[in-house]
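J.: A single structure is presented below for examination.
The values are calculated or read from the model by the stated rules, or taken from the named source; none is laboratory data. A quick note: this is a predicted structure, and the numbers were derived from the prediction, not measured. In this analysis, Cβ positions are derived from the backbone assuming ideal geometry, glycine residues included, and neighbour counts consider all displayed protein chains.
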Amino acid sequence: MGSDSPKAGRSPRNTASKKSSSRSGQQKKPGASTRRKTLTGKSSTTKKTNATKKTNTVKNGSSVKKTPASEVIRAPVRRSTPAKSSTASTRKKKAASKRSTQASRRHTRPSAFKRLLKWFGYFTVTGFVALVIILIYLDARVTQTFEGKRWAIPAKVYARPLELFEGRPLKSQALVQELKQLGYEAVSYPKRPGQYSAYKGKFHIYSRPFLFWDGLQNEQLMTLQLGGNRIQSLSSSNEQDMVRLEPIRVGGIYPNHNEDRELISLDDAPELLLKGLIAVEDRQFYEHWGISVRGIARAMLANVKAGGLVQGGSTLTQQLVKNMYLNHERTLSRKAVEALMAVLLEVNYPKESILETYMNEIYLGQSGRRAIHGFGLGSQFYFQRNLPYLQTHEIALLVGIIKGPSYYNPHRFPERAKKRRDQVLDIWQEAGLIDQAQWLKAKSAALGVTKKAPYLNVEYPAYLDLVKRQLKADYREADLTSEGLRIFTSLDPFTQRQAEEQLSKEVKRLESRYKQKPGTFESASVITDAFSGDVLAVVGSRSPRFFGFNRALDARRPIGSLVKPVVFLTALSQPERYHLGSILEDERYEHLGKNGKLWVPQNYDRRSHGRVSLQDVLAHSYNQATVRLGMEIGVKNVVNTLNELGLVREVAPFPAVLLGAVSLTPYEVASLYQTIASGGYLMPLRAIRAVTTADGAELNRYGIKLNSALDRGSVYLIQRAMQRTVEQGSGRFAHQQLPQLKLAGKTGTTNDQRDSWFAGFSGDKVAVVWVGRDDNGVTPLTGSSGALKIWTSVMREIAVAPLMLNAPRDIESVAYDPEAGTLYDSQCGDLPTLPVRKDSLVAAEPCPDNRESDWADNIRSWFSDF
Amino acid sequence: MRNGLVSMVGYQGKKLSSTLVLLGTILGLTGCFQQTAKPLAPVQEEAIPVDWETLADTYDTPMPFPVLEKLKSKAQMAYQDGDYQATHLLLDQMFRVDSQRPDVMALKGWVYCQQAEYDEAQLWLQRARGYLHAEDKYDKLLKQAEVGCQ
């Protein structure tokens, strides 16, 4: 019945559904499902219904259709099983039917629990894979930083060591300042390194050991007597004739993060520090694997008991990880990473290594832009002593500070710092690290930190700038900021401080005197040793601590009359034509430039002075006579002399150069005047004496070298002329203040008084001072009224030796006529005398007739000829 | 005019007579001396060899600070060891203590000479000579050193 036989093209599903529909049409049970989806997705219900309908129609019809014979013969259809077929296509259809059944079973929705399990499995696997990747990454990060070079150790820059020997000129004030700057403690009698006593010029000093560029100098006790600004006697426990105090550290060359540290090994650290640190910060240090659950729990209990935060739960390893690798965010994720990295660190490295690293990494405070890391530097910073020399209460303070270097800053919050230190001492006493007596003694001791004197832990930015520039020729930036090099310079701290103080004070005074707004003027100064070329001090600003524009090295300003000694030196190098008494015309001078403009230089007082001797032209800084002279000898020759004196910069030989239309820095001017002061010997100005590695192995040594020499006779004459300038000319204020020093120098004032200069020297120092405005504005200052005042104040403090000029052998002293400039070939009665080069005597005349020489003059002249 | 001639003659006469008197006295004294004194052997200047020792010891102005002698000894030891850098270091230290000692400058020049830095050597030797008179024995020594360091 029904269309049960499978026909070509019909799907098995359709056939099955058809079969079931015919069955259902005949024997449909209530509730039985008659809906089956065909492969096309269509419900077969319709077909079943149609079949049913067809059957019903057949049945309901009055006429009953006869079953054809073929249908009668066929076997009856089973209810639930498809009809068996012997054909291959039937088997295929069956298989397809089976698959269809299975497929339909797969689409049956699983239970919620199973889904949950499934997703849990996915997450677990994914999470595990992610964790492995993270661990690999963190492990690489941990090991990369920990191995090899862990830190960028900045280079340490030291001042010159103060050398003490019998006979040395030394002011008491200078010695005391040096000792204070080194952090020496003033006591009644020194008992340990870093102490001194002073009474009526008698000093007992217990020096600290120090590794110099030429070897180690051990600690020693010395006694010296000062008197008359000299060391009158010196004795030392090491029986040395010369003793050096350790050099003051004046700065460092830091990496970008400005961290500074003094590396120590575990052996360098006192045992109390090692044990005490562990007792306070991480008691289970030797037992845990980076994180300590017990530690966390204990810390919580301790904090609850104390009613505040007295203990942290982080291990030393975690703290190290936080400091070395991470930031200080207080987030769960950061904490989780920290814990993982701590474990990895413990897996990779031994405890000793971790502890040593911690001791060098831990942050202990700030000094200006310098971040103090590690106990080695912390010890020096707070106590001006190396770690092995610290006492119990001092070590306790350092350990206590770890919790909050700013909060427990002993300089700013001594009460808090003391309380914290005492907590640490209590912990140590409980742990048995110190006994009762030690505990009581330590608790009753004062903090002991070095008082924050204004000159302690001070940096000198302008000088450091010079040091860096000179080092760049030999070292890479990376080496300077990371290898812990030790750089020994020529900086004289006393000279530097005096220069800074005087400059700052005098600039303010000038502003007040000339009714200028505070901050109107700026200033700079460079001071060198007259004979060695050592740079003793560099001041780049009236605010010397400011790491800003370094005017000493970078402010190029017209030098004005500072160039005149160079003009006259050039002239004196032609002794047949010029000597100090040569008469020059100080009259109106006109020069037509190539651009068609007429240049008419004026004197400062707008007057012409007629016939004036060469040395007086220089002394009074007359422009007209200088220009005439310069044009006679040739501007190019003057420029050549500038180069011979050490100027590297190119200068175009315009006539205006003769009056200082040359822009130079104070450092460049110092280089020129250094050559004159040294007697004509050109030597490069040097800030560095030696460079060693962190361990003291020598890398470079910079000795005193000469580059070339000018004619000594001419240089001697210009020195004499510059001395006259200070005695009688525009620099006489200095002579009035410091006549005993017999100073030599020259003032410089530029157009509209925009720049005020003075450059000069004593028997031991060369100094250049500039004052002006950063905006190049007009000032009320001349060289005499401005820079000279500052220069004199500085020299008063720092200059020790008078200028004693040593005439070279080609210089003779002869009589001359000041009016006519005539030289005589001998001394003539009471005529004034003049030092001249022998070559100038070619045109010398015999003494004039009306200048009788008595029998003594005859004898003198006879003997001089003999 | 007559008065002018008289005064001129008088002036020149005075000058001539005083000179003659002086000359006569000296010659007389010299003649007496020559009669009584034994004839002197002609003076022959011995050529002083130029080396560290002569350069260090010939300059006879004593050192103003005792420490300089110690430093000089150390510098000599370093020089004898062939350590020129250390020698320069010690000489520089001496120079900073007293920057006007010709012997220190001369020794620096000498060491540069041994290092075949002849230009530098010449400058230091010249600088040293600038503090000496022409007839000074030490100056002659330095002049020899200059010649040898070319």
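J.: How about segment A:508-599: which strands (runs of 3 or more DSSP E) wholly inside it have at least 3 residues that are buried (at least 24 other Cβ atoms within 10 Å of the Cβ)?
T.: Per the criteria, A:522-529, A:535-539.
J.: Restricting attention to segment A:802-828, report how many residues are assigned to a loop (DSSP other than H, G, I, E, B) and either touching a Leu at 6+ places or on another chain (Cβ under 9 Å) or away from chain B (no Cβ under 14 Å) (or both).
T.: 13
J.: Moving on to the next point. Condition (residue is farther than 24 Å from A:L485 by Cα and either of a type in the set (D, E) or touching a residue at least 12 places away in the same chain (Cβ under 8 Å) (or both)) applied to segment A:245-268: is it met by at least one residue?
T.: no
J.: Which residue is surrounded by the most Cβ atoms within 10 Å (Cβ to Cβ), if the candidates are limited to segment A:456-507 and must be among the charged types (D, E, K, R) and under 13 Å from A:S543 (Cα atoms)?
T.: Looking at the filtered set, the residue picked out is A:E500.
J.: How many residues are more than 14 Å from chain B (Cβ to nearest Cβ) and farther than 26 Å from A:R469 by Cα when one looks only at segment A:154-181?
T.: 10
J.: Take segment A:673-724 and flag every residue that is hydrophobic (A, V, I, L, M, F, W, C) and within 18 Å of B:M105 (Cβ to Cβ).
T.: Across segment A:673-724, the qualifying residues are A:A677, A:L682, A:M683, A:I704, A:L706, A:A709, A:L710, A:V715.
J.: Would you confirm whether any residue within segment B:48-66 is surrounded by 18 or more Cβ atoms within 10 Å (Cβ to Cβ) and within 11 Å of chain A (Cβ to nearest Cβ)?
T.: yes
J.: Quick one: would you say A:N348 is modelled with pLDDT under 90 and closer than 19 Å to A:V142 by Cα?
T.: The answer is yes for A:N348.
J.: Quickly run through segment B:129-150 and pick out the residues that are over 10 Å from the mean Cα position of the chain (by Cα) and in contact (Cβ under 8 Å) with a residue 12 or more places away in the chain.
T.: B:Q144, B:A145, B:E146, B:G148, B:C149, B:Q150
J.: Further question: Output the number of residues of segment B:118-136 satisfying the condition of being in a helix (DSSP H, G or I) and modelled with pLDDT under 90.
T.: 0
J.: Within segment A:129-136, can one find any residue that is touching a residue at least 12 places away in the same chain (Cβ under 8 Å) and either surrounded by fewer than 20 Cβ atoms within 10 Å (Cβ to Cβ) or in a strand (DSSP E or B) (or both)?
T.: There is at least one residue in segment A:129-136 that is touching a residue at least 12 places away in the same chain (Cβ under 8 Å) and either surrounded by fewer than 20 Cβ atoms within 10 Å (Cβ to Cβ) or in a strand (DSSP E or B) (or both).
J.: Something else about it: From the list A:G519, A:G484, A:G448, which residue is over 24 Å from A:P161 (Cβ atoms) and either charged (D, E, K, R) or touching a residue at least 60 places away in the same chain (Cβ under 8 Å) (or both)?
T.: Just one listed residue meets the conditions, A:G448.
J.: In segment A:683-706, how many are free of Cβ contacts under 8 Å to residues at least 40 places away in the same chain and within 13 Å of chain B (Cβ to nearest Cβ)?
T.: 4
J.: Of all residues being more than 13 Å from chain B (Cβ to nearest Cβ) and outside any strand (DSSP E or B) in segment A:213-237, which is surrounded by the most Cβ atoms within 10 Å (Cβ to Cβ)? Just the residue, please.
T.: Ranking the candidates gives A:E219 first.
J.: Now for a separate question. Filter segment A:149-196 down to the residues that are over 23 Å from the mean Cα position of the chain (by Cα) and at positive phi and list them by number.
T.: Hits for segment A:149-196 are A:G167, A:G194.
J.: Here's something else I'd like to know. Quick one: A:M722 ticks every box in (1) touching a strand residue (DSSP E or B) at 6+ places or on another chain (Cβ under 6 Å); (2) within 14 Å of another protein chain (Cβ to nearest Cβ); (3) within 30 Å of A:P835 (Cα to Cα) except a single one, so which number is it?
T.: Tallying (1) touching a strand residue (DSSP E or B) at 6+ places or on another chain (Cβ under 6 Å); (2) within 14 Å of another protein chain (Cβ to nearest Cβ); (3) within 30 Å of A:P835 (Cα to Cα), A:M722 fails exactly one: (2).
J.: Shifting gears a bit: Residues A:G660, A:G630: which one is touching a residue at least 24 places away in the same chain (Cβ under 8 Å), within 28 Å of A:L823 (Cα to Cα) and of a type outside the set (D, E, K, R)?
T.: After ruling out the rest, the residue left standing is A:G630.
J.: Across segment B:124-138, what is the number of residues that are over 20 Å from B:Q114 (Cα atoms), within 12 Å of chain A (Cβ to nearest Cβ) and of a type outside the set (G, A, S)?
T.: 5
J.: Okay, moving on. Just checking, which of A:S188, A:S197 is away from chain B (no Cβ under 14 Å), hydroxyl-bearing (S, T, Y) and either out of contact with any strand residue (DSSP E or B) (no Cβ under 9 Å at 6 or more places or on another chain) or in a loop (DSSP other than H, G, I, E, B) (or both)?
T.: The match here is A:S188.
J.: Taking only pairs six or more apart or across chains, which ones have beta-carbon atoms under 6 Å, a first residue in segment A:639-650 that is of a type in the set (A, V, I, L, M, F, W, C), and a second residue that is not in a loop (DSSP other than H, G, I, E, B)?
T.: Cβ pairs passing all conditions: A:L642/A:V566; A:L645/A:L672; A:L645/A:T675.
J.: Provide a single number: the residues in segment A:238-252 that are assigned to a strand (DSSP E or B) and within 14 Å of chain B (Cβ to nearest Cβ).
T.: Matching residues across segment A:238-252 total 3.
J.: A:Q737 is checked against (1) of a type outside the set (V, I, T); (2) surrounded by fewer than 17 Cβ atoms within 10 Å (Cβ to Cβ); (3) within 26 Å of A:L659 (Cα to Cα); (4) in contact with a Lys or Arg (Cβ under 7 Å, 6 or more places away or on another chain) and fails just one. What number does that condition carry?
T.: If we test A:Q737 against (1) of a type outside the set (V, I, T); (2) surrounded by fewer than 17 Cβ atoms within 10 Å (Cβ to Cβ); (3) within 26 Å of A:L659 (Cα to Cα); (4) in contact with a Lys or Arg (Cβ under 7 Å, 6 or more places away or on another chain), just (3) comes out false.
J.: Still on this model: Considering only residues that are surrounded by fewer than 20 Cβ atoms within 10 Å (Cβ to Cβ) and among the hydrophobic types (A, V, I, L, M, F, W, C), look in segment A:681-709 and name the one that is modelled with the lowest pLDDT.
T.: Here the answer is A:A694.
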